[in-house]
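Okay, so here's the structure we're looking at.
The values are calculated or read from the model by the stated rules, or taken from the named source; none is laboratory data. If you're wondering where the values come from, they're calculated on a predicted model, not measured in any experiment. Counting neighbours? That spans all protein chains shown, and the Cβs are built from the backbone with ideal geometry, glycine included. Accessible surface areas use protein heavy atoms only, side chains included; no ligands, DNA or RNA. Shrake-Rupley method; radii C 1.70, N 1.55, O 1.52, S 1.80 Å.
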Amino acid sequence: MDLLQSLGLGFSVSLDPINLLACFIGVLLGTAIGVLPGIGSVATMSILFPITYHMGPAAALIMLAGIYYGAQYGGSTTAILVKIPGEASSVMTTIDGYEMARQGRAGVALGIAALGSFVAGTIGVLLITLLALPLTRAALALGPPEIFVLLVFAFVLAAAVVEGSRVKGLAMALVGLLLGTVGLDVIYGIPRFAFGTTLLLDGIGLVPMVMGLFGVAEVLINLERRIDRVVLGARVSRLLPNRAEIRESAGPIARGSVLGFVLGLCPGFGAVIPPFIAYGIEKRLARDPSTFGRGAIAGVAGPESANNAAAAGGMVPLLALGIPGNVVMAILLGALLTHGVHAGPLLARDHPDIFWGVIASMYIGNVMLLVLNLPLIRLWVGLLKVPYGVLFPIVLLLCTAGVYATSREPWDIAVMLSFGLIGYGMRKTGYEPAPLVLAFVLGKLAEESVRQSLLMSSGRLAIFLERPISLALLVCGGLAILLWLGRRAGRTRSAGS
Amino acid sequence: MSTRLGARTIGPVTVLGALAVFAAIEASRYGIGSLNAPGPGFFPFWLATLLGLCATAVLIGAPRSPPPVMDPGVVPFGWMRSMGALALLGCYAVLLERVGYVGTTALVLAPLFRIGGVRWLVAAPLGLLVGIASWALFDALALRLPVGVWWR
């Protein structure tokens with residue numbers, strides 16, 4: 001099947017009324033939770049995870065993906081009107097977006113954020129369309145040693161890009177891998193870390209873990225904080241930017257789109273890091289950098305485009321290689337596995353309807369978001385006025401009922417609460433939960449591939465150096481570590497002087 | 001050094017170290033095997049060893065790391081609200097199959113709304129309303145939730 005035929009199949013799948021409805025619900029919910037601070041896309045996807053059991057795999061994936069990229073759109077609304085990022089990826093938008101709102105240009109800021117997001121999302125999906133098949137073909141050449149090295153590379157990158165200490169990030173990835181070994185051993189069938197109970201034979205559930213670490217922990221952290229919101233909603237007028245504003249934003253949108261997509265491909269980056277880099281680049285390229293922080297439209301257009309393109313880029317490693325680059329992708333992988341579908345190089349061949357259906361749905365989803373976002377701005381402003389004291393019990397209820405509905409086991413609620421407490425402790429002490437979840441999801445594959453590699457080579461570790469792809473990945477990983485150590489040494493020297 | 005090595009460093013490092021030691025001992029019980037025939041304990045044993053090294057590195061690096069930034073938005077004794085909410089969710093897990101979804105939701109949500117600053121007079125009926133409305137929603141979504149053994 002050539003590219004156009006495949007895309008045609010994708011559109012016929014995504015235009016199916018059920019899938020279209022799933023896409024609409026996904027992007028609508030995604031925008032709503034992106035608008036609401038304190039509820040992340042990860043928590044929402046986890047909450048809706050059990051509902052997807054009753055859907056087909058294509059509809060499930062279309063809806064969950066819609067929540068993710070919808071949340072990137074919605075996050076900007078809160079960042080601009082309240083100066084609180086609805087999503088972590090909207091942090092940079094708070095700087096100039098809120099300034100624009102204070103100057104009475106909230107409508108233009110929202111308009112350019114939506115336009116930039118639409119352009120970047122569409123460019124991102126176009127690039128997925130072009131890249132996914134060649135990557136899928138290349139991935140078929142990967143054997144256990146290459147897969148293991150690729151996973152190690154992903155863990156190191158995921159640990160390296162966390163906020164704060166990299167060693168802590170690495171420790172969290174190791175804890176995630178260890179938690180992934182709970183249950184029956186993949187080769188010998190021996191129970192490990194099960195403590196004599198049957199409840200742990202299948203391992204720890206992904207849903208209770210993610211809901212605890214992200215949903216419950218987020219609420220617990222917010223509960224001990226004062227959340228003051230000053231909504232500048234009354235000042236929203238003239239949503240469409242004029243010609244000069246569009247000219248000023250075109251460059252930042254194009255650069256943010258390409259940068260976001262490329263960074264989104266790298267494991268661990270997600271949609272959070274690219275906006276920071278995009279903002280830095282725009283400030284450096286600006287004719288007058290002093291306008292940044294005082295309502296520069298490029299300070300909204302660049303980061304907003306970057307986070308949406310990164311959300312699209314993150315889909316590539318998942319769809320083509322079966323390797324999720326961030327927690328959101330890990331949940332999507334979990335949804336596929338629940339339906340008995342294995343993501344990876346064979347997905348495009350064995351399930352072209354799912355593979356191309358999801359890609360095509362992202363084109364449709366981006367159009368839906370552009371149509372939804374601007375006319376519904378008053379609704380989002382109204383949503384922002386719901387007090388957190390009313391919102392958080394409902395979030396906790398959705399987490400608890402969602403976890404129970406997954407397995408009908410109160411044990412899973414206990415697991416979720418335990419991880420909620422662990423996540424709360426981790427936030428308090430500067431440990432990030434994202435590398436833990438990423439490593440947990442990939443743990444089984446990592447163990448299988450390292451044991452198979454050793455069996456293949458009769459115990460020779462040199463197998464990881466002898467194969468060209470594996471060697472190239474090891475060199476890339478080594479260079480990344482050296483680069484990080486070099487930057488750290490540079491920072492320490494400059495701090496010392 | 002003593003000022004930097006506070007509870008926020010020592011506590012997690014102790015937990016990570018203890019987890020590493022426990023996992024290494026437990027993994028060696030399953031059989032580590034050798035490089036050409038790795039056993040069920042092989043992978044967790046080496047993970048635990050690396051985790052132990054990471055915990056040591058965090059401890060060694062702590063005096064050189066920047067001091068923790070205190071969140072200015074945290075209210076005094078705010079943690080009590082968080083722990084109260086967590087305890088109520090624990091009750092939810094215990095009561096759910098006995099009392100049923102609507103009853104448990106109403107019982108637990110009312111004090112949660114109260115924690116969020118809603119007056120009791122509003123919190124109690126709001127809890128019941130959310131319980132009934134969410135039951136109807138989940139039922140429509142084909143999510144099966146318990147009616148409670150007492151009502152059967």
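Taken about its Cα centre, chain A carries a charge dipole of about 1500 debye when Lys and Arg each add +1 at the Cβ and Asp and Glu each add -1 at the Cβ. Extending 7 Å from Cα along the Cβ direction at B:ALA18 and again at A:LEU199 yields two label points whose distance is 2.0 nm.
Dividing the convex hull volume of the alpha carbon atoms of the protein assembly as shown by its residue count gives 163 Å³ per residue.
Centre-to-centre separation between the Cα atoms of region A:284-359 and those of region B:1-57: 33 Å.
Rounded to the nearest 10 degrees, the inclination of helix A:468-496 to the longest alpha-carbon principal axis of chain A is 50 degrees. For region A:163-212, pairs of C-alpha atoms spaced more than 14 angstrom apart make up 60 percent of the total. Hey, rough spin-label estimate for B:TRP79 and B:ALA142, points 7 angstrom out along Cα→Cβ, what's it come to in nanometres? Computed distance between label sites B:TRP79 and B:ALA142 equals 4.6 nm. A Förster radius of 51 Å combined with the Cβ-Cβ distance from A:HIS342 to B:ALA133 puts the calculated FRET efficiency at roughly 0.85.
Here the Karplus relation 6.51 cos²θ - 1.76 cosθ + 1.60, evaluated at θ = phi - 60°, turns the backbone of region A:7-20 into coupling constants of 5, x, 4, x, 5, 5, 6, 6, 8, 4, x, 5, 5, 5 Hz, with x for every Gly and Pro.
Relative contact order of chain A: 28 percent, from C-alpha pairs under 8 Å at least 6 residues apart in sequence. Summary of packing: across the peptides A:106-112, A:452-458, the per-residue average of other C-beta atoms within 10 Å ranks them, highest first, as A:106-112, A:452-458. For A:GLY325, the residues 5 or more places off, or on other chains, whose built amide H falls under 5 Å of its own are A:LEU318.
Quick one: angle between helix A:298-313 and the longest Cα principal axis of chain A, in degrees between 0 and 90, rounded to 10, please. Between the helix axis and the principal axis of chain A, the angle is about 30 degrees.
If packing is taken as the average count of other Cβ atoms within 10 Å, what order do A:308-314, A:26-32, B:17-23 fall into, highest mean first?
A:308-314, A:26-32, B:17-23
Here region A:88-112 is scanned for amide nitrogen atoms under 14 Å from the site 7 Å beyond the Cα of A:PHE276 along Cα-to-Cβ, giving A:88-93. In region B:79-151, the C-alpha radius of gyration followed by the widest Cα-Cα span (Dmax) gives 12.6, 37 angstrom.
Applying 1/(1 + (r/R0)^6) with r as the Cβ-Cβ distance of B:ARG119 and B:ALA7 and R0 = 30 angstrom yields a FRET efficiency of 0.25. Close amide H pairs (under 5 Å, H built 1.01 Å from N) link A:ARG192 with A:GLY183, A:LEU184, A:ASP185, residues at least 5 positions away or on another chain.
FRET efficiency for A:CYS476 and A:LEU15, Cβ-Cβ distance as r, R0 = 60 Å, nearest 0.05? Rounded to the nearest 0.05, the efficiency is 0.90.
At full extension, A:GLU409 and A:ARG238 could sit 56.4 nm farther apart than now, given 0.36 nm per residue minus the alpha carbon distance. Surface composition of region A:41-86: carbon plus sulfur atoms hold 65% of the accessible area, using a 1.4 angstrom probe and ignoring ligands, DNA and RNA.
Length gained on full extension, A:ARG349 to A:LEU131: 77.0 nm, using 0.36 nm per residue less the C-alpha separation.
Modelled this way, with points 7 Å down the Cα-to-C-beta line, the labels at B:ALA87 and A:LEU455 are 5.1 nm from one another. Buried accessible surface for the B/A chain pair comes to about 5200 Å², total over both chains, computed with a 1.4 Å probe.
Of the listed peptides A:407-420, A:278-291, what is their order by residue-averaged count of other C-beta atoms within 10 Å, with the highest listed first?
A:407-420, A:278-291
On a per residue basis, region B:5-64 carries 47 Å² of accessible surface, using protein heavy atoms and a 1.4 Å probe.
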